[in-house]
Amino acid sequence: MNRLSAFVLLAALSGGCASTGSRGASVTTRPFTPELARYFDDAADFIEDVDALGGRVASDWRRQVRGLTTESDLIVAVRIETVTLGGDSSTARAYRLTAAATREPIVGTLPGDRRIDLRVTEGEVGFNAIHQNEQRLQMRSYLLFARWYDDDGTPRAHWHLSPETEALTRRVREVAGASDPNAPRETVVHQD
């Protein structure tokens, strides 16, 4: 067996699967376990300062942010360009959202056109949150947390949207260990 064959075999046996998405970007899908569904609920929340609520709600949210951050394949600030309600291949109604990145990702890589397709089908946890806030979705920026999975050979994202705030972005960067590309930088020049 030559090295290329060995590499292909190793890649096939690994936990992830590399595939090309609908927009030509190569993404690596990973197994999506039931435990991950509590983070990636294909929904949006709309509370800007959960910490201000205090108590258990705030501590649960901090755990949620940690889980989303550590398990995401892509974290990026987005605006929702389109919200479309239609039928899926089954008889259930489904929302399709087009999220356009407004900044560079905190985690992961964007497709070339900087857009991510998000879907949620009637009967899934996040459907009602999207249905009840269809108009509101396009009124602000969000942090998108996405986890790629293999949907019968097509890479798709399970996702969560949270209002983009300085506090949330800072917390996510801390958990992810990412630096802020917009932060002021100091350059020190040493002269001999």
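The values are calculated or read from the model by the stated rules, or taken from the named source; none is laboratory data. Since this is a predicted model, take the numbers as computed values, not measurements. Here the Cβ positions follow ideal geometry from the backbone for every residue, glycine too, while neighbour counts run over all protein chains shown.
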### Message
Every residue in the stretch 147-174 that is out of contact with any strand residue (DSSP E or B) (no Cβ under 7 Å at 6 or more places or on another chain) and not in a strand (DSSP E or B), please.
### Response
Asp152, Gly153, Thr165, Glu166, Ala167, Arg170, Arg171, Arg173, Glu174
### Task
Kindly provide the set of residues from the stretch 22-65 that are over 15 Å from the mean Cα position of the chain (by Cα), assigned to a helix (DSSP H, G or I) and not acidic (Asp, Glu), ordered by number.
Pro34, Val50, Ala52, Leu53, Gly55, Arg56, Val57, Ala58, Ser59, Trp61, Arg62, Arg63
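Looking at the stretch 25-55, which of its residues are without any contact (Cβ under 8 Å) to a residue 40 or more places away in the chain, closer than 26 Å to Thr121 by Cα and not hydroxyl-bearing (Ser, Thr, Tyr)?
Narrowing the stretch 25-55 to residues without any contact (Cβ under 8 Å) to a residue 40 or more places away in the chain: 26, 33-35, 38, 50, 52-55.
Cutting the leftovers down to closer than 26 Å to Thr121 by Cα gives us 26, 33-35, 38.
Those that are without any contact (Cβ under 8 Å) to a residue 40 or more places away in the chain, closer than 26 Å to Thr121 by Cα and not hydroxyl-bearing (Ser, Thr, Tyr): Pro34, Glu35, Arg38.
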### Message
Cβ-Cβ under 6 Å, sequence separation 6+ or interchain: first residue in the stretch 56-70 and more than 18 Å from Val107 (Cβ to Cβ), partner surrounded by 18 or more Cβ atoms within 10 Å (Cβ to Cβ) and modelled with pLDDT under 95. Which pairs?
### Response
Ala58/Val50; Trp61/Val50
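When you check Leu118 against the structure, is it out of contact with any Leu (no Cβ under 6 Å at 6 or more places or on another chain) and buried (at least 18 other Cβ atoms within 10 Å of the Cβ), yes or no? Give the derivation first.
Values: out of contact with any Leu (no Cβ under 6 Å at 6 or more places or on another chain): no; buried (at least 18 other Cβ atoms within 10 Å of the Cβ): yes.
Spelling it out, it is not the case that Leu118 is out of contact with any Leu (no Cβ under 6 Å at 6 or more places or on another chain) and buried (at least 18 other Cβ atoms within 10 Å of the Cβ).
For the subset of the stretch 125-141 comprising residues that are in a loop (DSSP other than H, G, I, E, B) and more than 17 Å from the chain's Cα centre (by Cα), which member is surrounded by the fewest Cβ atoms within 10 Å (Cβ to Cβ)?
Within the stretch 125-141, the subset in a loop (DSSP other than H, G, I, E, B) is 125-126, 133-135, 140.
When the remaining residues are screened for being more than 17 Å from the chain's Cα centre (by Cα), the result is 133-135.
Values: Asn133: 16, Glu134: 14, Gln135: 8.
Going through the qualifying residues, I end up with Gln135.
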### Message
Go through the stretch 111-128 and report how many residues are modelled with pLDDT under 95 and among the aliphatic types (A, V, I, L, M).
### Response
1
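In the list Thr98, Thr69, which residue meets the criterion of being in a helix (DSSP H, G or I), at pLDDT 95 or above and either of a type in the set (S, T, N, Q) or surrounded by fewer than 13 Cβ atoms within 10 Å (Cβ to Cβ) (or both)? I'd like the intermediate steps shown before the answer.
On the way: Thr98 fails: in a helix (DSSP H, G or I).
Thr69 is the lone residue from the list that is in a helix (DSSP H, G or I), at pLDDT 95 or above and either of a type in the set (S, T, N, Q) or surrounded by fewer than 13 Cβ atoms within 10 Å (Cβ to Cβ) (or both).
Can you name the residue in the stretch 142-175 that is small (Gly, Ala, Ser) and over 19 Å from Asp51 (Cα atoms) and is also surrounded by the most Cβ atoms within 10 Å (Cβ to Cβ) among such residues? Give the steps one after another, and end with the answer.
Pass one, the stretch 142-175, residues small (Gly, Ala, Ser): 146, 153, 157, 162, 167.
Subsequent filtering for residues that are over 19 Å from Asp51 (Cα atoms) retains 146, 153, 157.
Numbers: Ala146: 26, Gly153: 8, Ala157: 24.
Applying the filter and picking the extreme gives Ala146.
Only one of Gly16, Gly87 is modelled with pLDDT under 95, touching a strand residue (DSSP E or B) at 6+ places or on another chain (Cβ under 6 Å) and not acidic (Asp, Glu); which? Give the derivation first.
Details: Gly87 fails: touching a strand residue (DSSP E or B) at 6+ places or on another chain (Cβ under 6 Å).
None of the others qualify; the one that does is Gly16.
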### Query
Taking the stretch 131-141 as the region of interest, how many residues are in contact (Cβ under 8 Å) with a residue 12 or more places away in the chain and within 18 Å of Asp49 (Cα to Cα)?
4
